[in-house]
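Written below as structure tokens is the structure these notes are about.
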Amino acid sequence: MDFSVQQIATLLGGKVLGNSALKINSVSKIQEGLAGSISFMANPKYEQYLYDTQASAVLVSESFVPSKPYQTTLIVVPDAYLAFTKLLEEYQKIATKSKQGIEAPSFQSDSAKWGEGIYLGAFSYLGEGVVLGRNVKIYPQAYIGDNVRVGDDSVIFFGAKLYANSVVGNNCVIHAGAVIGSDGFGFAPQADGSYRAIPQLGNVILGDDVSIGANTTIDCATMGSTIIEQGVKLDNLIQVAHNVKIGKNTVIAAQTGISGSSEIGQNCIVAGQVGIVGHVKVAHKTTILAQSGVSNHIEEAGGAWLGSPALPRSEALRNLVLARNLNKLNKRLLDLEKQLKQDNPTL
Amino acid sequence: MDFSVQQIATLLGGKVLGNSALKINSVSKIQEGLAGSISFMANPKYEQYLYDTQASAVLVSESFVPSKPYQTTLIVVPDAYLAFTKLLEEYQKIATKSKQGIEAPSFQSDSAKWGEGIYLGAFSYLGEGVVLGRNVKIYPQAYIGDNVRVGDDSVIFFGAKLYANSVVGNNCVIHAGAVIGSDGFGFAPQADGSYRAIPQLGNVILGDDVSIGANTTIDCATMGSTIIEQGVKLDNLIQVAHNVKIGKNTVIAAQTGISGSSEIGQNCIVAGQVGIVGHVKVAHKTTILAQSGVSNHIEEAGGAWLGSPALPRSEALRNLVLARNLNKLNKRLLDLEKQLKQDNPTL
Amino acid sequence: MDFSVQQIATLLGGKVLGNSALKINSVSKIQEGLAGSISFMANPKYEQYLYDTQASAVLVSESFVPSKPYQTTLIVVPDAYLAFTKLLEEYQKIATKSKQGIEAPSFQSDSAKWGEGIYLGAFSYLGEGVVLGRNVKIYPQAYIGDNVRVGDDSVIFFGAKLYANSVVGNNCVIHAGAVIGSDGFGFAPQADGSYRAIPQLGNVILGDDVSIGANTTIDCATMGSTIIEQGVKLDNLIQVAHNVKIGKNTVIAAQTGISGSSEIGQNCIVAGQVGIVGHVKVAHKTTILAQSGVSNHIEEAGGAWLGSPALPRSEALRNLVLARNLNKLNKRLLDLEKQLKQDNPTL
């Protein structure tokens, strides 16, 4: 980004109060503003920072009336927060649009196909039968296995790995180092104590608008598909085992693990470092708090769960308070024992 | 896979009831069967699905007698489950056998050596002194550091990284993004509060038939070797620290971490998200349940452990029940206090 | 390493007792010594091993007087432990110094720049505007995004990925598969239940002497920077979310996760599998024990914390003891109830 204040004001439909020729090359929080950056002030709580911010320009809402002199240039818009969000999106669009074309050396099998607007970074690999949609970006060192399909406008970052037969929807983002379609962890015990791998022949299907975090791993199904539905957002370092299904618009934070064949409902929120055992169903709109362990079905939609094993949040919190005060409970018991002994000296 | 029903029946020693010319190109569960797929029905519980499955063919056991008309083609074999397992293994053999030869560009040092039947994918790297056995598959973008040795029939998937001097046995599988031989986490505190890295000069040794999951990390020993014995199976995103030893045929689920110098016995089963502190020994055939934290030696073989800190399972479960009912315990105590006060109004 | 005993003695300022012409090619613990290796004996506890070690040479301190005949060659130095440490460091210096030059094929944008002594491994990628200092080593398959800066003497191992605009100080080590600068996990809920990605425009800054473990992930800031200060050491598979700040010389063990915008003080020690929620501050010199969950500010410096939610260590331990003996507490309560009933038969 290297625009004038005036260009940004025009983009956002705003009015400039101050120097409209200043050049802007980054964004900042108002309390950390640097020269050359643009910031915003939407919450009156942050008004104090406006008067001495170093940011070259600040977006403010029409309703805002300054109570003191200020040094920065203002861009006045109907809603400062919305305008800033729009600015960020435009900025990111420009930043990511720039990658196009095929860098050399990269590897494309003879049978791989792709649509217009493609980016194939250096050292990326397209296996047999790969089909990529329009405006797909395959960053350097990404691996796209045989027969993988990727929908329009999806981005596969550097070093992400898609095993054969994976299916990725439109408008997905797969971050660096993520692994999609690794073997499910299935081994049959043998008479001599060793294990024999059960062939894992299924695949992984990601719906549209799915986001997968860095170094997250999603195993293929033993048969059929591990399914991540439309709009699901997975953070970094998450483990999704074979044959799991995650419902539409569910959001899961980092380092959570979901064991084989479990089904998470739609619009759930799962915090970080949660563990979910295999073969359970979690109802829609469930919230699971950090570090919890879910070991049973959660059948009622809309609840919040906490602890390992997870209990309804209010019950878990009550137990936590009691557990934290076990010494007091112990003291009360000692008092009673003492008192009873006094009452019954023969005991 | 693109075989006729007859070809599959011949492979499995079965008899066709129905259209033996149908083409099969995938496998499915009977309740999810699609046209072109083959399924199996071994458990009478699933018989209901046989009568309206869309699978083109279904393997059934000789003992099975249909109770209704069906649309699909049957292949009758002595044991449907065993036959299906054999089919899966044959399928996987064909699928993975197909990769052979050296793709360009890839990097092989002058001193690297390999046996017959090799696959070296594009953008893979073989350092100085690397020795690979027969039928080894090094997928694209894998890194094989200086002096690494890999035994016959082992598969190193895309993007896996083996630091210098790692040793991999025969018939091992290392999944995408796994890192073998990274520096142990050893730092000596200095007088000024900073830390100085302790050189990590050891290596990692994997026995035969070891499987390492996607994005799992195994650190090298400070001196000597981090040892993963024959038949060990590690799931995804596991951390194995320096100088750990994991005994033969032990199986460990995703996101578990084992700290430095600990020794896990043979034929243990460790569930997901378990933590094991450093310098402890875990006896053979120990089971450790999910999210447990092992902070002491486990000396008796064959036990099951739960909780953080981990206790014998039955003890941990009893405590969990009591902990979950702390409010009831509190209520009983209140009742006693109240009653004693009534009995002794002067209190 | 392939030196004579005499060469090593000269390097360490020691005196040889025995065969000074022997060749040394590895290091070992004295109890595991092999022919061709050098070991050390600093602790009298290990003296017993000296008399039958297979190591070709052993470093001993001047103060040591053998009590029995021995087979190995001794190198006598003022302090055996310090001399061994020096030897290890020299060894590692030689081992890593060997990598220099630019391997082909590798990718360097026209605008990328680097200092003398560079190593650019095969299949490594340098984006637009990249600036690398002197003696930087970029191992094969590493990705250095647009405008990334890396200071002198830093090492980026195979397959590590640095998103655009990351800043790495001098003398840093980033291990294989680590991801620096992936998008922060920020999504704005929409009226229809879906989520819209909030653009993540900040970066990651690593100070000097920082070490990042294998497959660890550090997200970029939403705006501004995620900051890892000088001397911080992160183990493997750690998650650091957007806008986190980790203070100087803090050490964090594997699989720990730190949520968005939290600040960890200087000289803290965080054990493995710890979770820290978002927007909290942890005071300097705090110790957090394994598997703990920090859900609030820790305001007093120098404390030790345990449990989930984390409590001061002594309090947490006391509660753990009580919790482990809940059955005894329950038994005492039953006794009281029984006794009171006997005293008041009408109840």
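The mean of 1/r over all pairs of different alpha-carbon atoms in region C:3-97, once inverted, gives a Kirkwood hydrodynamic radius of 12.9 Å. Which residue, chosen from A:21, A:42, A:53, occupies the Cα position most advanced towards the positive end of the dipole of region A:20-104, where the dipole is computed from +1 (Lys, Arg) and -1 (Asp, Glu) charges on Cβ about the Cα centre? It is A:21, whose Cα lies furthest towards the positive end. Between residue C:48 and residue B:321, the C-beta separation translates, for a Förster distance of 45 Å, into a calculated FRET efficiency of about 0.35.
Loop only per DSSP, at most 11 neighbouring Cβ atoms within 10 Å: give me the GluC sites (Glu not before Pro) in region A:234-337, ordered by residue number.
On the way: sites: A:263, A:299, A:300, A:315, A:337; in loops: A:299, A:300.
Within region A:234-337, the qualifying GluC sites (Glu not before Pro) (loop, at most 11 other Cβ atoms within 10 Å) are A:299, A:300.
Of the residues C:107, C:158, B:3, ranked by 1.4 Å probe accessible area with the largest first, the sequence reads B:3, C:107, C:158.
From the square roots a ≥ b ≥ c of the eigenvalues of the alpha-carbon gyration tensor of region A:64-188, which class results: rounded (a/c under 1.5), prolate (a/b over b/c), or oblate? Taking the square roots of the gyration eigenvalues as a ≥ b ≥ c, region A:64-188 is prolate.
On a C-alpha basis, how far is the centre of region C:165-225 from the centre of region A:156-227 in Å? Whole number, if you could? Here the two parts' Cα centres lie 24 Å apart. Qualifying trypsin sites (Lys or Arg not before Pro) in region C:74-134, where qualification requires a DSSP coil assignment and no more than 15 other C-beta atoms within 10 Å, comprise C:134.
Taking region B:196-347, how much of its Cα-Cα pair set, in percent, is spaced more than 24 angstrom apart?
On the way: 4839 of 11476 pairs.
Result for the distance tail: 42 percent.
A 1.4 Å probe run over the protein chains yields, for region A:121-263, 24 Å² of accessible area per residue, whole-number rounding.
Comparing the full protein assembly with the isolated chain (1.4 Å probe, heavy atoms, ligands and nucleic acids excluded), the residues of region B:252-271 losing at least 50 square angstrom of accessible area are B:255. With the charge dipole of chain B set up from +1 on Lys and Arg Cβ and -1 on Asp and Glu Cβ about the Cα centre, the Cα lying farthest toward the positive end among the listed residues B:92, B:78, B:131 is that of B:78. Note on region C:166-233: with charges restricted to the Cβ of Lys and Arg (+1) and Asp and Glu (-1), its dipole about the Cα centre is near 80 debye. Once all protein chains are placed together, residue A:172 keeps about 0 Å² accessible to a 1.4 angstrom probe. Calculated from the alpha-carbon coordinates, region C:152-202 shows an Rg and a Dmax of 15.7, 51 Å respectively.
Legend: calculated FRET efficiency, residue B:81 to residue A:109, from the Cβ-Cβ distance at R0 = 60 Å, rounded to 0.05, equals 0.95.
Place +1 on the Cβ of every Lys and Arg and -1 on the Cβ of every Asp and Glu in the protein assembly as shown, take the dipole about the Cα centre, and give the residue among A:106, A:230, A:176 whose Cα lies farthest towards its positive end. My answer, from the dipole projection, is A:230.
In terms of Cα atoms, the Rg and Dmax of the protein assembly as shown work out to 31.2, 96 Å. By accessible area, using a 1.4 Å probe on protein heavy atoms only, region B:1-149 has 51% of its surface on carbon and sulfur. Can you tell which of C:67, C:106, C:259 shows the greatest fluctuation in a Gaussian network model of chain C with Cα springs below 10 Å? Highest fluctuation of the listed residues: C:67. Report Rg/Rh for region B:262-303, rounded to two decimals, where Rg is the Cα radius of gyration and Rh the Kirkwood radius. Result for region B:262-303 is an Rg/Rh of 0.91. Peptide A:25-36 has a mean of 2 when you count, residue by residue, the C-beta atoms of other protein chains within 10 Å of its C-beta. Computed over the protein assembly as shown, the per-residue total of -39500 (n - 2.57) for DSSP H runs of n ≥ 4 gives a 222 nm mean residue ellipticity of -5500 deg cm²/dmol, rounded to 500. Among the helices of chain A (complete DSSP H runs), which have Cα atoms covering no less than 24 Å along the helix axis and a Kyte-Doolittle mean of at least -1.0? Membrane-span-like by this rule: A:80-97.
Only bridges whose two residues both fall in chain B count here: according to DSSP, what percent of them are antiparallel, nearest 5? For chain B, the DSSP antiparallel bridge percentage is about 15.
At the nearest 100 Å², what buried accessible area, both sides summed, do you get for A and C when the probe is 1.4 Å?
Numbers: alone 18950 and 18900 Å², together 33190 Å².
The contact between C and A buries close to 4700 Å².
The share of accessible area on region C:275-327 that comes from carbon and sulfur is 55 percent, using a 1.4 angstrom probe. Magnitude of the charge dipole for region B:101-316, about its Cα centre and with charges confined to Cβ atoms of Lys, Arg (+1) and Asp, Glu (-1), is about 200 debye.
Using the 1.4 Å probe convention, the accessible area of region C:4-104 works out to 54 Å² per residue with neighbouring protein chains retained. Of all lysines in the structure, the ones whose alpha carbon falls short of 26 Å from that of residue A:86, not counting any fewer than 8 places away in one chain, are A:15, A:23, A:29, A:45, A:97, A:99, A:137, A:233, A:248. The contact residues of region B:86-125, meaning those that lose at least 40 Å² of 1.4 Å-probe accessible area when all protein chains sit together rather than their chain alone, are B:88, B:89, B:92, B:99, B:105, B:107, B:123, B:125.
Note that chain B, at 4 °C in a medium of 1.567 mPa s, gets a Stokes-Einstein diffusion coefficient of 54 µm²/s from its Kirkwood radius over C-alpha pairs.
The values are calculated or read from the model by the stated rules, or taken from the named source; none is laboratory data. Only a predicted model underlies this, so the values are computations on that prediction, with no experimental measurement involved. Methodologically, a virtual Cβ is constructed for each residue, glycine included, from the backbone with ideal geometry; neighbour enumeration extends over all protein chains shown. For accessibility, only protein heavy atoms count, side chains too; no ligands or nucleic acids. Shrake-Rupley method; radii C 1.70, N 1.55, O 1.52, S 1.80 Å.
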